[in-house]
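To keep things clear, I will list the structure first and then write my remarks on it.
The values are calculated or read from the model by the stated rules, or taken from the named source; none is laboratory data. Please read these numbers as outputs of a predicted model, since none were measured by experiment. Ideal geometry is used to build each Cβ from the backbone, glycine not excepted, and the neighbour counts take in all protein chains shown. We work out accessible area using only protein heavy atoms, side chains counted, and drop any ligands, DNA or RNA first. Shrake-Rupley method; radii C 1.70, N 1.55, O 1.52, S 1.80 Å.
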Amino acid sequence: MATNKFFKSLLLTLTIAITSFGFGVQESSAYPVFAQQNYSNPRAANGKLACANCHLNQKAIEIEAPQAVLPNSIFEIEIKVPYDTSLQQIGANGKKADLNVGGILILPEGFKLAPKNQISAEVKAKNKGVFISPYSTEFDNILVVGPIAGKKHQELIFPVIAPDPEKNSDIKYLTYPFHAGGNRGRGQVYPTGDKSNVNVFGAGQAGQITEITVSEKGESNVAITASNGKTSSQTIPNGLSLIIKKGDVVKADEALNADPNVGGFGQEDSEIVLQNPIRIVGYLAFCLSILVTQITLVLKKKQFEKVQAA
């Protein structure tokens, strides 16, 4: 456990350092390390990924992976996180910022991130500025990445090495399921359970908007007076666009600002076959035997026809 905590702390430090010094990621609370600190396993019993607890909006992702792989081979799984790059999100400081992306890949046990010295130069070039890491020391088959600049990295490439059943008796030649998740933009809920500013804030009570003031920090303070004369006020974070004005009558929980969320999280499941090389050789031998048999039958038929003709 102590090693696990040290690993997570080190990962958080590295993630923040990388974000600060190289990859232009702006104002994000979408760090996968937050999930790492709060969930020992990011996939719940019902299949839901932990990322969806903070990123409430749903948006599709795509997975590209080989249908089958050989033992000890290096292959790529690609998670595509498409979105309109002209869109901007509200940063934690209330200012507009480009969207970030992140991803999680839950591989079958035994599959893990490929060693750097075995990754092709082409993949290394595509993944320049991308830091992929295991979810924890306990789950090295779960890989996470992000947040990174979405404009440059809408396709997240995970180089993976397949296990070898000849070296690990727990691994079998089977079809294995794997799971992937991808996110663009900031979340609506912090790990503490508090709302972020990427939300629609509703009226605390029904009544009339009697006053709207803006603080030095840019926050909007909305005063609502109910029919019984009771006045309540609530603060709308900086950067959000109000859709109400003084004198409007609102219902309880009615939206006071436009929805600022332009991102979303998506997850997909797929399968991959760990193929036995002997099966492939056997299949090729079977196909060759059928081909030879067919040719032999044709030749025999031709020979029989010649004998009959004579």
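Stokes-Einstein, applied to the Kirkwood radius of region 157-310 over Cα pairs at a viscosity of 1.567 mPa s and 4 °C, places its translational diffusion at 56 µm² s⁻¹.
Rounded to the nearest 20 Debye, what is the dipole magnitude of region 186-310 about its Cα centre when Lys and Arg each give +1 and Asp and Glu each give -1 at the C-beta?
The calculated dipole for region 186-310 is roughly 980 debye.
Between Asn72 and Ala309, the contour length at 0.36 nm per residue exceeds the alpha carbon distance by 79.5 nm. The angle separating the long axis of helix 277-309 from the principal Cα axis of greatest extent in the chain is about 40 degrees. When region 65-171 is described by a simple charge dipole with +1 on each Lys and Arg Cβ and -1 on each Asp and Glu Cβ, the residue from Leu107, Val130, Pro163 located farthest towards its positive end is Val130. Surface composition of the chain: carbon plus sulfur atoms contribute 54% of the solvent-accessible area (1.4 Å probe, protein chains only, all chains present). Here the calculated FRET efficiency for Gln88 and Leu174, from their Cβ-Cβ distance with R0 = 35 Å, stands at 0.20, rounded to the nearest 0.05.
Quick one: putting +1 on the C-beta of Lys and Arg, -1 on the C-beta of Asp and Glu, what dipole do you get for region 72-165 around its Cα centre, in Debye to the nearest 20?
It works out to roughly 540 debye.
Modelled spin labels at Thr225 and Glu122, positioned 7 Å past Cα toward Cβ, are 7.0 nm from each other. Assuming charge only on the beta carbon of Lys and Arg (+1) and of Asp and Glu (-1), the dipole of region 110-252 about its Cα centre is about 400 debye to the nearest 20. Loop-only check: which GluC sites (Glu not before Pro) in region 227-303 are DSSP coil with at most 15 other Cβ within 10 angstrom? Listed in order of number, the matching sites are Glu254. Legend: calculated FRET efficiency, Glu166 to Lys300, from the Cβ-Cβ distance at R0 = 41 Å, rounded to 0.05, equals 0.45.
Extending 7 Å from the Cα toward the beta-carbon at both Asp269 and Glu138 defines two label points whose distance is 2.2 nm.
Ligands, DNA and RNA aside, Ser220 has an accessible area near 10 Å² when probed at 1.4 Å.
With contacts taken as Cα pairs under 8 Å and at least 6 residues apart, the chain reaches a relative contact order of 23 percent. Remark: region 103-159 carries 47 Å² of accessible area per residue (probe radius 1.4 Å; ligands, DNA and RNA excluded).
As a check on your grasp of the helix formula, calculate [θ] at 222 nm for the chain: sum -39500 (n - 2.57) over DSSP H runs of n ≥ 4, divide by the residue count, round to the nearest 500.
Taking each H run of at least 4 residues, the total per residue is -7000 deg cm²/dmol.
Model label sites at Ala285 and Lys217, defined 7 Å from Cα along the beta-carbon direction, differ in position by 7.4 nm. Relative to the longest principal axis of the Cα atoms of the chain, the long axis of helix 2-21 lies at roughly 70 degrees. The alpha carbon convex hull volume per residue for region 33-105 rounds to 161 Å³. Projecting the Cα positions of Asn117, Leu274, Leu297 onto the charge dipole of the chain (unit charges on Cβ atoms of Lys, Arg, Asp and Glu, taken about the Cα centre) puts Leu297 furthest along the positive direction. Simple rule: put +1 on each Lys or Arg Cβ and -1 on each Asp or Glu Cβ in the chain, find the dipole, and look at Asn41, Ala255, Thr231; the Cα lying farthest toward the positive end is Asn41. Sparsely packed loop sites in region 48-150 (the GluC sites (Glu not before Pro) outside DSSP H, G, I, E and B with at most 16 other Cβ atoms within 10 Å) comprise Glu109, Glu138.
Computed across region 57-149, the Kirkwood hydrodynamic radius from all distinct Cα-Cα pairs reaches 15.4 Å.
Using bins of 20 Å that start at zero, the share of Cα-Cα pairs per bin across the chain amounts to 27, 41, 20, 8, 3, 1, in whole %.
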